[in-house]
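What follows draws every value from the coordinates through simple rules; no lab data is involved. These numbers come from a predicted model, not from an experiment. Backbone-built Cβ (ideal geometry, glycine too); neighbour counts: all protein chains shown.
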Amino acid sequence: MPTVVKCPTCGTDVVWAPENKFRPFCSERCKQIDLGAWATEKYVIGGKPGDAAADPDEPHDD
Ligand SMILES: [Zn+2]
């Protein structure tokens, strides 16, 4: 009987199997999203609070 877990990103049922290299995620995309969220959090903690929405590629004119 396979172990089934929920994808932390989207909540999809994921079969916990050795061939599923993205577990506990359902796909590489969901894994990347979760890692991206982590990176963003670390960036915010290391940077200025409240500046999380600022995109370095888009200068603000106001
Ligand atoms: Zn997912």
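Amide hydrogen proximity for Lys6: with H placed 1.01 Å from N in the peptide plane, the residues at 5 or more positions away or on another chain lying under 5 Å are Val14.
Arranged from highest to lowest average of other beta-carbon atoms within 10 Å per residue, in what order do the peptides 12-21, 26-35 appear?
Highest-to-lowest ranking by the protection proxy: 26-35, 12-21.
Using each residue's phi in region 25-31, evaluate 6.51 cos²θ - 1.76 cosθ + 1.60 at θ = phi - 60° and report the 3J(HN,Hα) Karplus result to the nearest Hz, with x for Gly and Pro. Here the 3J(HN,Hα) series is 8, 7, 7, 4, 4, 5, 5 Hz. Around Lys31, with a cut-off of 11 angstrom between Cβ atoms, what is the net charge of the other residues, counting Lys and Arg +1 and Asp and Glu -1? With Lys, Arg at +1 and Asp, Glu at -1, the net is +1. Maximal additional length on extending the Ala39-Asp13 stretch stands at 6.9 nm, based on 0.36 nm per residue less the C-alpha distance. So, counting K/R as plus one and D/E as minus one, what does the shell of residues with Cβ under 13 Å around Trp16 add up to? That works out to +1.
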